[in-house]
Amino acid sequence: MTDEPPLRRRAAQRQAGDGPHSRQLPAPENVGPDPTPGGPVPLTAPRDGTPTPVATPHELAEVVARFAAGTGPVAVDAERASGYRYTQRAYLVQLRRAGAGTVLIDPLPLGDLRTLDEAIADAEWVLHAASQDLPCLADLGLRPRRLFDTELAARLAGFERVGLAALTEQLLGYTLEKHHSAADWSSRPLPESWLTYAALDVELLADLRDKLAAELAAQGKDQWAAEEFAALVAWGAQPPRPRPDPWRRTSGIHRIRGARAQARVRAMWYARDEIASRRDSAPGRVLPDAAIIAAAELDPKDERTLLTLPGFGGRSVRRLARTWIDALAEARALADDALPVNPPLDGPPPPHRWAERDPIAAARLARCREVVTTTAGAYTLPPENLITPDSVRRLAWTPPEEISPETVSATLRGYGARAWQVGLIGEKLAGALRDPE
């Protein structure tokens with residue numbers, strides 16, 4: 001690891017031709033001197049133009065051949081319709097590879113993309129915030145065997161701003177507009193401006209990967225990144241685990257007191273979920289969480305009272321008033337033994353309760369957190385990337401019977417910590433776990 005601080009801004013002396021574009025977007029090898037030495041260049045169009053989405057098996061076969069013949073890493077991104085649709089499926093997939101160019105794929109009429117997956121199986125995939133896209137890509141049969149996550153790389157390298165637009169500006173000198181990031185990508189046809197935005201998301205990913213890889217190597221963190229990326233690949237290969245009692249994640253549920261009121265939340269949550277699934281609509285667009293909480297607190301018995309509550313004023317919500325009243329009545333009629341029971345606590349209690357329940361454990365947690373914060377600062381890392389907060393809490397609440405660097409390191413590995421994390425923090429946490437004399 002070097003003593004040099006991580007690169008946080010565009011190099012002041014960037015050489016002519018470093019970037020893949022000029023203001024007129026010529027081919028990379030023809031780029032001349034930096035046209036805007038005083039600031040970043042707005043990137044408004046892909047270098048090869050905005051491609052038309054691939055939507056037929058014949059077009060897909062052509063893309064498969066192109067990408068199989070391409071070279072180097074494959075930049076990959078996906079657009080979902082979060083906030084609009086019930087599922088988290090991909091409604092557009094973007095890829096770029098040297099020798100193959102950029103392609104946009106409409107997965108709706110194609111079913112799956114397994115033939116494309118086979119064509120790029122041996123390549124390193126470059127994604128930004130990979131954990132967001134890996135599940136929806138896997139649904140299409142796309143699973144990387146190797147990847148490079150530019151967001152995670154930037155975190156490990158100590159960058160303060162790790163969004164794609166921020167990193168592109170800092171490291172490559174180009175600005176990307178992100179005003180379509182929350183668009184409804186399930187709509188058809190997709191506007192040309194949206195397609196341009198989507199193509200630009202993969203336009204510079206490979207260039208960004210190279211800059212970040214060099215920065216990680218200069219800081220001696222390239223092996224750390226390799227371990228993190230391998231863990232992401234392994235995570236993405238696993239099927240998602242269903243959440244137990246998903247209704248307990250309703251925003252504002254901490255205000256609900258008593259099992260009977262929880263039953264009202266549960267009944268309304270599942271009534272909403274059934275409608276949202278049938279409509280393929282985001283649940284919050286059917287009925288906001290705040291409305292469920294308000295109804296669970298007041299327990300209205302008739303539609304007139306229900307419709308006076310916050311969140312029940314919209315026309316579509318009002319049309320479903322009988323559904324919500326029936327759900328509340330269902331919860332009201334439940335026998336006591338059918339009411340929700342709080343699940344057994346998996347792990348330590350919330351930290352704010354530690355001082356009351358176990359002052360010694362609370363002191364251990366404070367010492368462990370100080371170790372994590374200090375160590376993370378010394379290596380220019382976010383503390384949560386050095387070790388997960390949940391691992392620290394579990395370790396402090398229930399330390400090994402025999403506290404030593406070996407037993408603490410083994411415990412951390414059992415929680416999923418990588419070798420580089422254990423090497424940096426294991427021995428120090430062992431010291432923090434020991435009660436001071």
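With the requirement that a residue be more than 24 Å from GLU228 (Cα to Cα) and either within 32 Å of the chain's Cα centre (by Cα) or free of Cβ contacts under 8 Å to residues at least 24 places away in the same chain (or both), what does region 401-432 give you?
Residues of region 401-432 that are more than 24 Å from GLU228 (Cα to Cα), as a first pass: 401-404, 431-432.
Those that are more than 24 Å from GLU228 (Cα to Cα) and either within 32 Å of the chain's Cα centre (by Cα) or free of Cβ contacts under 8 Å to residues at least 24 places away in the same chain (or both): GLU401, GLU402, ALA432.
For ALA410, only one of the following conditions fails: (1) hydrophobic (A, V, I, L, M, F, W, C); (2) touching a Lys or Arg at 6+ places or on another chain (Cβ under 6 Å); (3) over 19 Å from ALA366 (Cβ atoms). What is its number?
(2)
Kindly indicate whether ALA290 is among the small types (Gly, Ala, Ser) and either in contact with a helix residue (DSSP H, G or I) (Cβ under 6 Å, 6 or more places away or on another chain) or modelled with pLDDT of 95 or more (or both). First the steps, then the outcome.
Details: among the small types (Gly, Ala, Ser): yes; either in contact with a helix residue (DSSP H, G or I) (Cβ under 6 Å, 6 or more places away or on another chain) or modelled with pLDDT of 95 or more (or both): yes.
Yes, satisfied.
For residues that are touching a helix residue (DSSP H, G or I) at 6+ places or on another chain (Cβ under 8 Å) and charged (D, E, K, R), scanning just region 402-437, find the one that is modelled with the lowest pLDDT. Can you show your working first?
Here is the first cut: in region 402-437, the residues touching a helix residue (DSSP H, G or I) at 6+ places or on another chain (Cβ under 8 Å) are 403-405, 407-409, 411-413, 415-422, 424-433, 435.
Those still in the list that are charged (D, E, K, R) too: 413, 418, 427-428, 435.
Values: ARG413: 97, ARG418: 98, GLU427: 97, LYS428: 98, ASP435: 80.
Among those that are touching a helix residue (DSSP H, G or I) at 6+ places or on another chain (Cβ under 8 Å) and charged (D, E, K, R), it is ASP435.
Among the residues of region 128-151 satisfying the criterion of being open to solvent by 10 Å² or more (accessible area, probe 1.4 Å) and acidic (Asp, Glu), which is nearest to GLN238 (Cα to Cα)?
ASP139
Taking the residues in region 210-221 that are in a helix (DSSP H, G or I) and open to solvent by less than 50 Å² (accessible area, probe 1.4 Å) as candidates, determine which candidate is nearest to LEU381 (Cα to Cα).
Step one: filter region 210-221 for residues in a helix (DSSP H, G or I), giving 210-218.
Now restrict to residues that are open to solvent by less than 50 Å² (accessible area, probe 1.4 Å): 212-213, 215-216, 218.
Details: LEU212: 15, ALA213: 16, GLU215: 14, LEU216: 12, ALA218: 15 Å.
Across region 210-221, the extreme among qualifying residues is LEU216.
Just give me the residues in region 63-91 being in contact with an Asp or Glu (Cβ under 9 Å, 6 or more places away or on another chain) and closer than 18 Å to LEU204 by Cβ, in sequence order.
Result: GLY72, PRO73, VAL74, ALA75, VAL76, ASP77, ALA78, GLU79.
Cβ-Cβ distance below 7 Å, separation of 6 or more or different chains: which pairs start in region 262-278 with a residue that is among the aromatic types (Phe, Trp, Tyr) and end on one that is surrounded by fewer than 20 Cβ atoms within 10 Å (Cβ to Cβ)?
TRP269/TRP247; TYR270/TRP247
Looking only at residues that are in contact (Cβ under 8 Å) with a residue 60 or more places away in the chain and open to solvent by 60 Å² or more (accessible area, probe 1.4 Å) in region 365-378, which one is farthest from the chain's Cα centre (by Cα)? If you could, list the steps in order and put the result at the bottom.
Of all residues in region 365-378, those in contact (Cβ under 8 Å) with a residue 60 or more places away in the chain come to 367-368, 370-371.
Those left that are additionally open to solvent by 60 Å² or more (accessible area, probe 1.4 Å): 367, 370.
On the way: ARG367: 30, GLU370: 27 Å.
If we take residues in region 365-378 being in contact (Cβ under 8 Å) with a residue 60 or more places away in the chain and open to solvent by 60 Å² or more (accessible area, probe 1.4 Å), then ARG367 is farthest from the chain's Cα centre (by Cα).
Considering only region 280-301, state which residues are part of a helix (DSSP H, G or I), free of Cβ contacts under 8 Å to residues at least 40 places away in the same chain and either in contact with a Lys or Arg (Cβ under 8 Å, 6 or more places away or on another chain) or open to solvent by 10 Å² or more (accessible area, probe 1.4 Å) (or both).
Filtering region 280-301 for residues part of a helix (DSSP H, G or I) gives 283-286, 289-298.
Then drop every residue that is not free of Cβ contacts under 8 Å to residues at least 40 places away in the same chain, which leaves 286, 289-291, 294-295, 298.
Hits for region 280-301 are VAL286, ASP289, ALA290, ALA294, ALA295, LEU298.
Using beta carbons and a limit of 7 Å, which pairs, at least six apart or on different chains, have the first residue in region 34-53 and over 28 Å from VAL93 (Cβ atoms) and the second one at pLDDT below 95 and in a loop (DSSP other than H, G, I, E, B)?
As it stands, the answer is ASP34/ARG14; ASP34/ALA16; PRO35/SER22; PRO35/ARG23, since those pairs meet every condition given.
From the residues in region 347-364 that are part of a helix (DSSP H, G or I) and under 23 Å from SER409 (Cα atoms), which one is most open to solvent (accessible area, probe 1.4 Å)? Lay out the reasoning, then the answer.
So the first thing to find is which residues in region 347-364 are part of a helix (DSSP H, G or I), and the list is 351-357, 359-364.
Pick out the ones that are also under 23 Å from SER409 (Cα atoms) and you get 351, 360-364.
On the way: PRO351: 50, ILE360: 97, ALA361: 0, ALA362: 25, ALA363: 43, ARG364: 26 Å².
Top of the filtered list is ILE360.
Please state which one of TRP235, TRP194, TRP224 is in contact with a His (Cβ under 8 Å, 6 or more places away or on another chain), part of a helix (DSSP H, G or I) and open to solvent by 10 Å² or more (accessible area, probe 1.4 Å).
Working: TRP235 fails: in contact with a His (Cβ under 8 Å, 6 or more places away or on another chain); TRP224 fails: in contact with a His (Cβ under 8 Å, 6 or more places away or on another chain).
The unique qualifying residue is TRP194.
Take ASP326 and tell me if it is in a loop (DSSP other than H, G, I, E, B), open to solvent by 50 Å² or more (accessible area, probe 1.4 Å) and of a type in the set (D, E, K, R).
Details: in a loop (DSSP other than H, G, I, E, B): no; open to solvent by 50 Å² or more (accessible area, probe 1.4 Å): yes; of a type in the set (D, E, K, R): yes.
Considered against the rule, which asks whether it is in a loop (DSSP other than H, G, I, E, B), open to solvent by 50 Å² or more (accessible area, probe 1.4 Å) and of a type in the set (D, E, K, R), ASP326 comes out as no.
Give PRO51, PRO20, PRO109 a once-over and let me know the one that is in a loop (DSSP other than H, G, I, E, B), modelled with pLDDT of 90 or more and buried (at least 18 other Cβ atoms within 10 Å of the Cβ). Steps first, please.
Numbers: PRO20 fails: modelled with pLDDT of 90 or more; PRO109 fails: buried (at least 18 other Cβ atoms within 10 Å of the Cβ).
Answer to the check: PRO51.
The values are calculated or read from the model by the stated rules, or taken from the named source; none is laboratory data. Here the structure is a predicted model, which means the values were calculated and not measured. Because the Cβ atoms are built from the backbone with ideal geometry, glycine has one as well, and the counts that use them run over all protein chains shown. Ligands, DNA and RNA are stripped out before the accessible areas are found, and what is left, the full protein with its side chains, is counted by its heavy atoms. Shrake-Rupley method; radii C 1.70, N 1.55, O 1.52, S 1.80 Å.
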